[in-house]
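A short write-up of the structure that comes next.
The values are calculated or read from the model by the stated rules, or taken from the named source; none is laboratory data. None of the values given here were measured: they were computed from a predicted structure. Cβ placement follows ideal geometry from the backbone for every residue including glycine, while neighbour counts extend to all protein chains displayed. Note: accessible area is taken over every heavy atom of the protein model, side chains too, but ligands, DNA and RNA are not part of it. Shrake-Rupley method; radii C 1.70, N 1.55, O 1.52, S 1.80 Å.
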Amino acid sequence: SEKREELRKRFLSRLAVEEGRTEVAARLGGLSLLETEHDISQLEWSPLVEGYRADYRRMAQRLDTLLELAEGSDTGVTPAEIEKLQDATVDYLRLVYARKNLLERLDTSRQDEVDLRIAELEEQIQNAPPALAARLQRAREDLDRTREHVAQLPARDAAVAAQLLTMAETFEELYHRVTADPAASNVSNYLSEATEKMSIEEELQWAAEA
């Protein structure tokens, strides 16, 4: 229908023009959305995050069904709420990309080497003249910050992985609840609560600091 087509156009337009979002899917597989006609599910995803492809496909399929529901007059699902769910599917990809980066960072971190360098500096500081000791101390402080940063990577990754699971499960629960009774009076409230649970900005910010 015209209503559904308009929703799709607005969604695809947002994907195509918003800075960074097109690149999210492209970086997952090295292809642009234009090359795949916006079909993100066809991208060859990085092996590190391949497991999330099925969840994304299911979310996209559920969204398609909810788009059809929003067309009807006897439903509490509005186009504005569908737009929020569309944004959530894009945010899911953004978070998958963030986890890909975290996993790569974990794979290349050199905690043992950092610890070794700190131990060496501590020994050198004890035997160095004051001027040199001060410079070595600053280097040690830099390595301390690096060690603390690296030590936080597993926690950052765990938080992102947990939010990805929350998003997929929330989307699935929302789908079944809405399709069971799309005309229910509390559908709108439930949709708002669900989209709030799928917010990712805090996790993205924490992941970006890795």
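Details
- Protection proxy ranking, peptides 162-174, 128-140, average beta carbon neighbours within 10 Å, highest first: 162-174, 128-140
- Ranked by the mean number of other Cβ atoms within 10 Å of their residues, highest first, the peptides 79-89, 115-125 come out as 79-89, 115-125.
- In the full protein context, the range 62-201 carries 52 Å² of accessible surface per residue, based on a 1.4 Å probe and ignoring ligands, DNA and RNA.
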